[in-house]
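I have placed the structure first, in the form of structure tokens, so that the comments after it can refer back to it.
Every number in this text was worked out from the coordinates using simple rules, so none of it is lab data. Keep in mind it's a predicted model, so treat the numbers as computed, not measured. In this analysis, Cβ positions are derived from the backbone assuming ideal geometry, glycine residues included, and neighbour counts consider all displayed protein chains.
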Amino acid sequence: MSKLSERMSKPQPAGTPPLAQAKIDEYLKQVPGWEHRDGAIRKTYSFKNYYETVAFVNMVAWIAHREDHHPEMLMGYNKCQVAWNTHSVGGISMNDFICAAKIESLCLI
């Protein structure tokens, strides 16, 4: 299996089943710090200041645009929570983990 961050999101037609909890738990091991809660996978990132927070939000927006898969984001002065789920499947899909992994790759730069 290729690294999640090297994969691309694919459209998930309505009726596609969400990932089973066992698969979610397996993929969570590949995206450190992410948790499955309230129907999404989510992580809160902390930054030194507002500028760094906004720069991060813009990087996530770029990933979301490229992947055609868009998260919920809640940001403040020095924090941003990112939450991924897939509405068309009514839960978590592989796309959510692919995008989470791409964010983690950015954080290593």
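Estimated purely from DSSP H runs of n ≥ 4, each contributing -39500 (n - 2.57), the mean residue ellipticity at 222 nm for the chain is -11500 deg cm²/dmol once divided by its residues. Kirkwood hydrodynamic radius of the stretch 23-109, from the reciprocal of the average inverse Cα-Cα distance over all distinct pairs: 13.0 Å.
Straight-distance candidates among the lysines for linking to K10, with alpha-carbon spacing under 21 Å and chain neighbours fewer than 8 residues away dropped: K23, K102. Think of each Lys and Arg Cβ as +1 and each Asp and Glu Cβ as -1; about the Cα centre, that makes the dipole of the stretch 5-109 roughly 100 debye. Label reach from H65 (point 7 Å along Cα→C-beta): in the stretch 84-109, amide nitrogens under 19 Å belong to 99-100, 102-104, 106-107.
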